[in-house]
1. Pairing the Cα long axis of helix 14-25 with the longest principal axis of the chain, what angle in degrees results, from 0 to 90 and rounded to the nearest 10?
2. Return a whole-number percent for the relative contact order of the chain, with Cα pairs under 8 Å and 6 or more residues apart as the contact set.
3. To the nearest 10 degrees, how steep is helix 73-96 against the longest Cα principal axis of the chain, on a 0 to 90 scale?
4. Considering only C-alpha atoms, what is the centroid distance from region 1-26 to region 33-65, in Å?
5. For every helix of n ≥ 4 consecutive DSSP H residues, a contribution of -39,500 (n - 2.57) applies; sum these over the chain, divide by its total residues, and give [θ] at 222 nm rounded to the nearest 500 deg cm²/dmol.
6. Return P(r) of the chain (all Cα-Cα pairs; 5 Å bins starting at 0; whole %; ordered from short to long distances).
7. With point charges of +1 on the Cβ of Lys and Arg and -1 on the Cβ of Asp and Glu, referenced to the Cα centre of the chain, which listed residue (Ile88, Gln52, His9) lies farthest in the positive direction of the dipole?
8. Per 0.36 nm of contour for each residue apart, how much would the distance between Thr85 and Tyr5 grow if the chain were fully extended, relative to their Cα-Cα spacing?
Amino acid sequence: MKKTYAARHFESSQELKEYSLSMVDKLTQYFDKITGIDIVLQPSQDVAKPQQAEILVKVPGELLRSEVKADSYENAVHECVAILTRQIRKYKTKHFEH
């Protein structure tokens, strides 16, 4: 599985990068055929929720996407992973339980 990490328009700390990569590793618990994960963190225009995370998960035949704005990058990544967990479970139900 290929993982990419990008921090747009700000300098990311090593701790934030490691946290983000470890959170998306949890997605493999639910589906082992993930071919790639892209993580993009960037500032948001929203004053109340100034940080934004976008995570793209490549699975066979489909691209699952989650984008969340939050008060911190950690919270945004956590919410994205929760959303993608639900999407992966739905994908597995549709494609592999027939």
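1. So the helix axis and the longest Cα principal axis differ by about 20 degrees.
2. Relative contact order, the chain: 25 percent.
3. Helix 73-96 and the main axis of the chain meet at about 10 degrees.
4. Rounded to whole Å, the Cα centres lie 11 Å apart.
5. Dividing the helical sum by the residues of the chain leaves -12500 deg cm²/dmol.
6. Bins of 5 Å from zero give 3, 13, 26, 24, 16, 10, 5, 2, 1, 0 percent of pairs.
7. Most positive-ward Cα: Ile88.
8. Taking Thr85 through Tyr5 to full extension adds about 26.9 nm, to one decimal.
Every number in this text was worked out from the coordinates using simple rules, so none of it is lab data. Keep in mind that what you see is a predicted model, and the values were worked out from it rather than measured. Cβ coordinates were reconstructed from backbone atoms using ideal geometry, including for glycine residues, and neighbour counts include every protein chain displayed.
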